[in-house]
Amino acid sequence: MGAMLFAMLAVAGQIERNYIREKTLEGQVIAASKGNHGGRPKVIDDMLTFAVALKDKGVPVPEIAKKLTIKTGKNMGKSPSVASLYRALAEAEAAAVDDGLPLRPGPARIRRPEDPLTPEEIDLRDRLKAQPHPNAETR
């Protein structure tokens, strides 16, 4: 009889736990739809563009971290840690890949007159020749 009572209480506790979890997840979804995301606010977001520019110039990440200053929170006035900066740079790189846009432009290809045209360049040249000149009078 005692085992049956214990099993019924365990089932009731599990049902209560599942109900609390469902309500918690529902509250998180509602908060996220309003733009509220839990967790600590990111402090490197506003400095990320400057950090990426310095990294592109070849400045080492530890030197970049020393040049940045946290503007809010309990660490205000201090530099972010090197690990946090590496993480933020990696997240920015991943976000740029997800968007399909490069984080930085690729190298420019300088074409010499003696280089053969690619099929895309030939197609573009033919389409441009077929169009009338924009300044030509059409009366």
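What are the residues in the stretch 12-50 that are closer than 28 Å to Glu91 by Cα and of a type in the set (Lys, Arg), if any?
The first filter runs over the stretch 12-50 and keeps only residues closer than 28 Å to Glu91 by Cα, leaving 24-50.
If the condition is that a residue be closer than 28 Å to Glu91 by Cα and of a type in the set (Lys, Arg), then Lys34, Arg40, Lys42 are the ones that fit.
For the stretch 22-32, the condition holds for at least one residue, the condition being that it is of a type in the set (Ser, Thr, Tyr) and over 30 Å from Met76 (Cα atoms).
Annotation: Lys34 fulfils all but one of (1) surrounded by 10 or more Cβ atoms within 10 Å (Cβ to Cβ); (2) over 30 Å from Ser81 (Cα atoms); the unmet one is (1).
With respect to Leu9, determine if the residue is over 30 Å from Leu89 (Cβ atoms) and under 27 Å from the mean Cα position of the chain (by Cα). I'd like the intermediate steps shown before the answer.
Working: over 30 Å from Leu89 (Cβ atoms): yes; under 27 Å from the mean Cα position of the chain (by Cα): no.
No.
Out of the stretch 94-139, which residues are part of a helix (DSSP H, G or I) and at pLDDT 85 or above?
Start the filter on the stretch 94-139 by keeping residues that are part of a helix (DSSP H, G or I), which leaves 94-99, 119-130.
Those that are part of a helix (DSSP H, G or I) and at pLDDT 85 or above: Pro119, Glu120, Glu121, Ile122, Asp123, Leu124, Arg125, Asp126, Arg127, Leu128, Lys129, Ala130.
For the stretch 51-79, taking the residues that are surrounded by 12 or more Cβ atoms within 10 Å (Cβ to Cβ) and within 17 Å of Ala95 (Cβ to Cβ), the one that is modelled with the highest pLDDT is identified as Ala51.
Among residues of the stretch 71-92 that are in contact (Cβ under 8 Å) with a residue 60 or more places away in the chain, none has a Cβ under 7 angstrom from a residue that is part of a helix (DSSP H, G or I) and charged (D, E, K, R) at a sequence gap of 6+ or on a separate chain.
The values are calculated or read from the model by the stated rules, or taken from the named source; none is laboratory data. No experiment lies behind these values; they were computed from the predicted model shown. All Cβ positions, even for glycine, are placed from backbone atoms using ideal geometry, and neighbour counts span all protein chains on display.
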